[in-house]
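Undergrad: The structure is given below, and queries will be raised subsequently.
The values are calculated or read from the model by the stated rules, or taken from the named source; none is laboratory data. Remember, predicted model here, so these are calculated numbers, not experimental data. Neighbour counts run over all protein chains shown; Cβ positions are idealised from the backbone, glycine included. Only protein heavy atoms, including side chains, enter the accessible area calculation; ligands, DNA and RNA are left aside. Shrake-Rupley method; radii C 1.70, N 1.55, O 1.52, S 1.80 Å.
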Amino acid sequence: MLKKIFLTLCFLLLGSQLQLRYAFAYSGGLLDGKTIYIGNNINSIVGTTNLVTDNDDSTGIQLDISTGTTKTLWYKFDNAKSVIAYQFKSDRTMLMRFYNQSGSILYSFSASGVGLKKNITQIDNVYYVSVTNTDTRKHYVYEFDVFAIQDTIPPHDITNLKANVSATKIDLTFEQPTDVDFNSTKIYLNGVLKATLDKTTNYYSLNGLSPDTSYDIKITTVDNNNNESNGVTTTVRTLPLPNVINLSLVPSTNSLLAQWINPIDSGFIGNDIYLDGNFITSLDKTATSYNFTNLNPNTSYAVKVVSKFIDGYSSKGQTATAKTTIPVEDVADLQADAKYDRVKLSWTRPNSEFFSHVKIYRKNVERKSFWDQLFGTTSVSAENTSDGYTPMFETNGTYWIDLTVTPDTTYSYKVTSVNIEGDESQGVTVETTTPSEPVPVLAGVATTQNENGDYVVTWTSPSKGTVKLLIEGREYAQVDAATKQIVIKKEDMKTDFFGAYAATLIPIGEYGTKGQAVNVPSLGGKIDFPLSFQDFLETTISILAWVAPFILLSLMFIFWRPIFNFIKKVISNERRVKQ
């Protein structure tokens, strides 16, 4: 039983302490949570404290009259107050004073420090409040607050609001309310407080705005008790800054040429250039074009030109899009390997995903005469194209062999590339001359007789061109060399002085080049001479024609004396006849 009574007393004691602890809550006063000045009077500041306005009566500050500088706590209100009560906790009664805006005392009295809220006669137009330790000893102040009439009615709103708009600025003018307690005007921009104007100011400029942008503007009025009106709201749109005009893009395979006309605004200073949203460069106000390079082919790009003006403002920009073209790249390493009967062209294809095939053209270039070379004329065998080239072949490979050439002829070849869209390049050219046709050589010539006694002359090469047969120097027959034989009727075969066949074979190339004649081999015991009888006679006559002058000269040296005497005698006889 005693234990229960003890516990009950403990709880009652604890409850009384808690009630005592929070009995001195000073919230709702004008000084609640404010920082209070410490000094000798309201014109003196030695320090500050918030220990007497923190709603905690266990904390405080000591006022000492002996120092002459730390005997007073005071506070200044932003606007006039009508005080009707105070609440003060200290270890001694102290002097409380109220002042007007000029610092004159409106009312003073000895304030009890018991910590209870006490009403006083209403004191109007209060701007300062102070509490002073007038005792010679040091005393503590734990809490200090005053209370005013609670005015909850805001002043009237402003009237006749006007806005003068430019691209980056809005100038506001208005008329203020005539409320007695009107204190200030607040300017809000898109819900954000931009400025608080005193009650004498009826204009304001909103600067640094974005061009061509809508802004919500609200202007409220505030009274001395911080009551704020609902305000006057309006929406204003700034003017747009001018952009460049006539923006155009000229695409190529790996570049875009942008061209435009600049604004004529006096504040224009240049343009910022963007590609696909990425800043590229800044240009001065004289530039009207820009070339974007190193771009990807067959790709769409967006170009934006943003005009800049003084004070750091920019336009929204002008945008244009274009797609780079598909490249048409020429072949590389074009080479020509010429034979008498063919020309092989080879090249390296373009390393491009857009490559389709090549077109091959040819033209014959006639050899220039001396006068043509001197005066720069060229003769070509123009056929199908304006530049004299004839289409020959199309392929997606890397070589082509022309089998339609002739020996000793100069050709110019042009190889163009065609992309997947059918666009054709200018092409690259190469010039080459076919060599002369090789002289055909008969080999493996042999003679046999068939069952009719006719002579069958055969050979192992050549296999191209023709072979002509002469009997006693006259053409007997001409056959395709590929047949590799020719038949001579037995009655048509002739022999020469030495008994060999008076028959010869002459190989003729595809393009008319004659080879060396070969005698038809004899059959049986007949001896084949390296020369025919006719060849023998011709050779003998040629030798005599070359040796005869030397023989005559030798005879002159041997028989010169008789000849000299003969000539002398002839001359002597002519003289006698004349006499």
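Undergrad: Return the residues of the stretch 187-203 that are assigned to a strand (DSSP E or B), open to solvent by 50 Å² or more (accessible area, probe 1.4 Å) and of a type outside the set (S, T, N, Q); say none if nothing qualifies. Show your work before the answer.
TA: In the first step, residues of the stretch 187-203 are kept if they are assigned to a strand (DSSP E or B); the result is 187-189, 192-198, 203.
Going one step further and asking which of them are open to solvent by 50 Å² or more (accessible area, probe 1.4 Å), we end up with 192-194, 196, 198, 203.
Passing the criteria: 192, 193, 194, 198, 203.
Undergrad: Just the residues that are open to solvent by 30 Å² or more (accessible area, probe 1.4 Å) and among the charged types (D, E, K, R), please, taken from the stretch 236-273.
TA: Of everything in the stretch 236-273, those that are open to solvent by 30 Å² or more (accessible area, probe 1.4 Å) and among the charged types (D, E, K, R) turn out to be 237, 265.
Undergrad: Quick check on the stretch 320-343. Is at least one of its residues over 26 Å from residue 413 (Cβ atoms) and aliphatic (A, V, I, L, M)?
TA: As a first pass, look at the stretch 320-343 and keep what is over 26 Å from residue 413 (Cβ atoms): 320-325.
Next cut, aliphatic (A, V, I, L, M) only: 320, 322.
Taking every residue of the stretch 320-343 in turn, at least one turns out to be over 26 Å from residue 413 (Cβ atoms) and aliphatic (A, V, I, L, M).
Undergrad: So residue 333 clears everything in (1) at positive phi; (2) at pLDDT 70 or above; (3) open to solvent by less than 70 Å² (accessible area, probe 1.4 Å) except one condition, right? Which one?
TA: Among (1) at positive phi; (2) at pLDDT 70 or above; (3) open to solvent by less than 70 Å² (accessible area, probe 1.4 Å), the lone unmet condition for residue 333 is (3).
Undergrad: Looking at the stretch 453-473, which of its residues are under 15 Å from residue 489 (Cβ atoms) and among the β-branched types (Val, Ile, Thr)?
TA: Answer for the stretch 453-473, where residues must be under 15 Å from residue 489 (Cβ atoms) and among the β-branched types (Val, Ile, Thr): 456, 457, 471.
Undergrad: Suppose we filter 420, 486 for residues that are in contact with an Asp or Glu (Cβ under 9 Å, 6 or more places away or on another chain) and either open to solvent by less than 30 Å² (accessible area, probe 1.4 Å) or more than 17 Å from residue 516 (Cβ to Cβ) (or both); which single one remains? Explain how you work it out, then say what you get.
TA: Numbers: 486 fails: in contact with an Asp or Glu (Cβ under 9 Å, 6 or more places away or on another chain).
So the residue among 420, 486 that is in contact with an Asp or Glu (Cβ under 9 Å, 6 or more places away or on another chain) and either open to solvent by less than 30 Å² (accessible area, probe 1.4 Å) or more than 17 Å from residue 516 (Cβ to Cβ) (or both) is 420.
Undergrad: Working only within the stretch 167-183, note down all residues that are open to solvent by 50 Å² or more (accessible area, probe 1.4 Å), at pLDDT 90 or above and either of a type in the set (D, E, K, R) or not in a strand (DSSP E or B) (or both).
TA: 169, 175, 176, 178 - these are the residues of the stretch 167-183 that are open to solvent by 50 Å² or more (accessible area, probe 1.4 Å), at pLDDT 90 or above and either of a type in the set (D, E, K, R) or not in a strand (DSSP E or B) (or both).
Undergrad: If residue 154 meets every condition in (1) surrounded by fewer than 18 Cβ atoms within 10 Å (Cβ to Cβ); (2) at pLDDT below 95 apart from one, which number is that one?
TA: Failed condition: (1).
Undergrad: Inspect the stretch 300-310 for any residue being outside the structural domain of residue 430 (by the TED database), assigned to a loop (DSSP other than H, G, I, E, B) and either in contact (Cβ under 8 Å) with a residue 12 or more places away in the chain or aromatic (Phe, Trp, Tyr) (or both) and give the result as yes or no. Step through it out loud before you land on a result.
TA: First, the residues of the stretch 300-310 that are outside the structural domain of residue 430 (by the TED database): 300-310.
Keeping just the survivors that are assigned to a loop (DSSP other than H, G, I, E, B) gives none.
The answer is no, given that none of the residues of the stretch 300-310 is outside the structural domain of residue 430 (by the TED database), assigned to a loop (DSSP other than H, G, I, E, B) and either in contact (Cβ under 8 Å) with a residue 12 or more places away in the chain or aromatic (Phe, Trp, Tyr) (or both).
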